Amino acid sequence: MPLDRNGSAATENGVYQNGHTVHENGHTTHSNTQDFRFHSLGERGIKSVGSLLEQSLIIVSNRLPVSVKKAESGKLDIYPSVGGLATGLSSYTKNAENKWIGWPGIPSNDLSEEERRHISDELQKYNCYPVFLSQDQLNDFYNGYSNSILWPLFHDLPVTQEADDLRDRYWNAYQQVNHLFLEVILALSGTDSSVWVHDYQLMMLPAMLRSARPLENIGFFLHIPFPAAENFATNLKWGSDLVAGLLGADLVGFHVQSYLTNFLDVVEQYGMGSVDRENTRINLVDRMVQVADFPIGIDYKRYFQASKDPAVQHELFKLRNKYQGRKVILTVDRLDPSKGLVERAAAYQTLLKDNPSFRGKIVLVMLVVPSRTEIEAYKNLKIRLEALVGEINREYGTKNWIPVHYMYKSLPFERLNALYQLADVAFIVPLRDGMNLVAKEYLASKPNKDGVLVLSKTAGAAEELSDAVIVDPARSETLVNGLVKALRMPPQEFRRRADSMRKQIESSDIHNWATNFISALNLASDSPENGSPTVGLTKRQAAKLRSRFESAKSQLVFLDYDCVISPLIQIQDAESIDKFVAELNSLLKELSVSTDVVVVTGQTQSTLEEKFGNLDVTLVAEHGIFERLPGKKKWRSFRSADWQPKILVHLNKFAELTPGSEVETKDCSLVWHYENASAYDAQKHLLEIKRVITPLANVWKLDLIQGNMTLEIRPKGRCKGSTAKELVGRNSYDFVLVVGDDQEDESLFADWPDEAYTVKVGHGRTGARLRVFRPEEVLSLLRKFISSGNIFAVSA
Ligand code: ADQ
């Protein structure tokens with residue numbers, strides 16, 4: 001098992017928790033959510049938080065924010081985590097539209113089919129979706145490539161010979177598992193979501209996702225340092241593949257500026273794009289990748305307010321009795337080679353040796369969380385650390401004084417917080433650390449500002465917390481001097497320092513961090529370089545459109561019905577939707593008196609007949625397979641459905657195996673809907689369906705179109721775009737308006753002449769000239785074209 005079985009904090013991969021206390025933590029909404037630290041975009045500003053929430057968000061990390069554990073009785077327990085990333089993203093993950101995809105913390109070998117299904121169903125209650133990994137995959141992908149190759153290299157530590165010998169095998173597993181994550185994302189999300197991938201275990205995923213979904217908004221955040229170019233390129237065999245993997249994203253985020261600079265250096269070194277250092281972006285042939293720093297924060301309010309919690313007060317009371325009369329130096333870490341634990345104990349030993357006056361008056365409390373306990377380097381570290389602690393205690397300990405209190409376990413939040421409050425000095429000196437949250441938690445837990453932080457200059461946190469006593473872990477004497485300085489610091493000085501750092505931590509907490517990243521992701525993927533010339537249709541532009549429309553001799557309005565109806569179905573009741581459709585119908589009726597109107601849909605002919613059958617417009621159903629021309633009653637079909645029975649047999653079989661799913665037989669296509677099925681069954685059978693059907697699809701020239709919890713099988717080549725081309729061929733228009741929203745509409749936008757007004761509804765990368773965000777804005781726009789003079793403003 002790669003993860004700690006013994007109740008550790010399991011703080012891997014950005015999923016942070018203290019102990020296993022399973023209580024819901026009300027998240028704070030910080031007043032200055034707009035005061036974000038997206039340094040690299042400077043003054044360009046950000047979209048409102050309201051608009052960024054309109055698009056669904058898929059979070060992907062190696063671990064889910066909940067862990068599954070199997071009790072000895074065989075019972076499966078699910079532990080949600082509190083704190084950290086899970087808290088920061090809670091305002092997003094509470095929305096059922098959003099999903100979190102990751103490994104559930106238990107190898108699939110330990111689970112029966114029934115148990116996997118059960119886990120999937122239970123996790124879904126938290127909007128979480130599992131990627132099941134076998135023990136072998138975990139060994140090679142997680143313990144192997146991620147933690148024995150990437151982790152040390154990214155922390156400037158040596159890779160062991162044993163790991164280096166196995167690196168080819170580890171690399172294969174790494175790619176394979178990244179691909180498994182991809183398959184789950186594709187099965188569970190639609191094409192209009194934003195995907196936020198976390199950390200070094202999933203660096204190939206952005207590029208994999210980009211090639212499957214070219215229009216997706218993809219963000220990536222690295223929780224660990226990004227090494228200097230010379231270390232990266234020299235020591236990492238597949239470095240260029242990993243960088244290419246990251247360049248699949250629209251936005252790549254790091255904790256601090258120096259990692260960002262290292263990344264740009266590496267991109268330049270590999271010649272993978274043109275690096276624009278001023279705007280911290282990389283221009284690729286067809287798009288751009290924004291790079292920025294987002295220093296992660298903590299749930300400040302939770303730590304700051306903990307001193308009022310009676311449970312914390314009780315713990316503090318016990319600790320004060322225990323350590324009465326002594327100054328407490330505290331370290332809190334995972335047992336990891338990057339954290340410099342042996343070096344810290346050694347510095348403390350030197351302090352006692354060189355400064356006898358401190359003996360008996362101070363105590364080092366070392367709280368160490370088990371981590372990656374199956375990796376040899378971690379086992380050896382434990383042995384070395386415990387031997388040194390024993391040596392110090394034997395050498396200097398007395399009947400009444402134990403110099404080092406060593407705890408190898410995870411503590412619940414209340415006890416950890418009491419320790420933070422108690423400690424006079426936090427001795428946080430990792431060799432290298434992406435950020436280090438403990439430094440921030442310590443300061444936030446000190447309402448009386450009565451503690452001193454000793455911090456490594458090589459922790460990302462040092463770039464923010466410059467009022468700490470900064471030391472250099474490469475020079476052990478600075479650690480000793482730092483401790484002495486901290487222990488002797490006058491109260492006035494340590495309060496001043498703590499106060500200034502606390503303000504910094506308060507103003508950039510975990511909620512701001514998440515909001516800033518998501519806002520920046522929208523901005524990056526909507527940027528002109530990524531094919532999005534505008535972020536909104538202004539009143540002026542709308543007025544211009546109207547005047548062009550009025551002066552044109554022949555006009556065409558081409559509307560994708562699904563782009564206005566899909567967003568409504570998610571948020572409105574049936575009555576409001578009917579009202580909307582009725583209004584659309586009457587607008588199109590008026591418009592069609594003088595204008596050619598085409599309404600297209602992926603839905604059936606009967607849906608269009610029902611909604612718009614009374615109109616004198618062109619109706620196009622099933623993505624162009626059926627067409628009804630104005631004034632006609634009969635539909636023209638473009639494909640025969642001979643293939644359907646052959647495919648249907650398989651789909652029906654899988655539908656039976658996947659309770660809750662169903663097959664819709666359209667006149668010329670088949671759709672497998674699995675939104676009501678267990679996510680586990682759906683994911684599993686989706687892959688099998690594709691495997692079985694693909695050879696048949698090749699014979700019959702069919703496309704397999706992955707939708708949002710749907711798989712559609714339909715004839716190749718017939719699409720909205722072909723209808724558009726035929727229309728332009730049949731007539732000559734001097735005003736064309738095309739409104740759409742999905743991937744297929746993008747090829748449609750591209751097919752029209754440049755003069756056409758193409759309008760994208762919603763967020764995301766687009767080649768359209770204009771953009772609106774809500775279906776109501778489409779109605780407003782259409783109203784402008786109607787000569788009745790009934791003009792409504794289109795909101796920008
Ligand atoms: P980590 O290497 O895990 O995180 P860190 O940022 O210090 O390091 O987070 C550790 C977390 O675990 C803290 O929230 C702490 O409270 C908790 N913890 C530690 N010991 C504990 C114990 N004994 N009992 C209970 N809880 C304990 C990685 C990177 C960091 C980066 C984070 C976030 O390595 O550099 O700051 O991700 O991006």
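Every read-out reported here was derived from the displayed coordinates using simple, explicitly stated rules and does not represent laboratory data. Since we're looking at a predicted model, the values are computed, not measured. Please note: Cβ atoms are built from the backbone with ideal geometry, for glycine as well, and neighbour counts cover all protein chains shown.
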Most exposed to least, judged by fewest other Cβ atoms within 10 Å, Arg769, Arg691 sort to Arg691, Arg769
Sort out for me the Cα centre separation of region 100-117 from region 650-719, rounded to whole Å. 24 Å
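Starting from the Cα coordinates of the chain, work out the convex hull volume and express it per residue in Å³.
Values: hull volume 137.2 nm³, N = 796.
Convex hull volume per residue, Cα atoms: 172 Å³.
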Long-range amide H partners of Asp299 with built H, under 5 Å: Gly84, Ile510
What span do the alpha-carbon atoms of region 644-715 cover on each of the three principal axes, reported in whole Å from largest to smallest? 31, 23, 20
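Do any of Lys237/Lys379; Lys690/Lys760; Lys308/Lys440 go past 24 Å between their Cα atoms, and which? Intermediate results must be reported in sequence, preceding the final value.
Working: Lys237/Lys379 26 Å; Lys690/Lys760 30 Å; Lys308/Lys440 19 Å.
Beyond 24 Å: Lys237/Lys379; Lys690/Lys760.
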Tell me which aspartates and glutamates have Cα within less than 20 Å of Lys327's Cα, excluding those fewer than 8 residues away on the same chain? Glu315, Asp354, Glu395, Asp424, Glu441, Asp450, Glu493
Pair Ala552, Asn708: separation of 7 Å Cα→Cβ label points (nm): 2.9 nm
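Between Lys503 and Ser274, what's the calculated FRET efficiency when r is the beta-carbon distance and R0 is 35 Å? Round to 0.05.
On the way: r = 39 Å, r/R0 = 1.12.
The formula returns an efficiency of 0.35 here.
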Determine ³J(HN,Hα), in whole Hz, for all residues of region 284-294 in sequence, where each value follows from phi through the Karplus function 6.51 cos²θ - 1.76 cosθ + 1.60 and θ = phi - 60°; x replaces Gly and Pro. 9, 4, 10, 6, 10, 10, 7, 10, 7, 9, 9
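When you count, for each residue, the other Cβ atoms within 10 Å and take the mean per peptide, how do 229-237, 446-454 rank with the highest first? All intermediate terms of the calculation are to be shown ahead of the outcome.
Working: 229-237: 15.9, 446-454: 20.1.
Packing proxy ranking, top to bottom: 446-454, 229-237.
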Across region 606-618, in residue order, what do the Karplus-derived ³J(HN,Hα) couplings come to in whole Hz, using 6.51 cos²θ - 1.76 cosθ + 1.60 with θ = phi - 60° and x for Gly and Pro? 5, 4, 5, 4, 5, 7, 10, x, 6, 8, 9, 10, 7
If one takes the longest principal axis of the Cα atoms in the chain, at what angle in degrees, from 0 to 90 and to the nearest 10, does the Cα axis of helix 574-591 lie? 50 degrees
Ranked from highest to lowest mean number of other Cβ atoms within 10 Å per residue, what is the order of the peptides 116-125, 97-106, 463-472? 97-106, 463-472, 116-125
If we sort 218-228, 593-603, 429-439 on the protection proxy, mean other Cβ atoms within 10 Å, highest first, what's the order? 429-439, 218-228, 593-603
For Lys382, counting only lysines whose alpha-carbon sits under 17 Å away and dropping same-chain residues fewer than eight positions off, the answer is Lys339, Lys409
Answer rounded, prolate or oblate for region 301-508, using the Cα gyration tensor with square roots of eigenvalues a ≥ b ≥ c: rounded when a/c is under 1.5, else prolate when a/b is larger than b/c, else oblate. rounded
So, for the Cα atoms of region 408-463, Rg and Dmax in Å stand at 11.4, 29
With θ taken as phi - 60° and the coefficients 6.51, -1.76 and 1.60, list the Karplus ³J(HN,Hα) couplings across region 247-261 in order, rounded to whole Hz; mark glycine and proline as x. 6, x, 7, 7, 9, 10, x, 10, 5, 9, 4, 5, 5, 4, 4
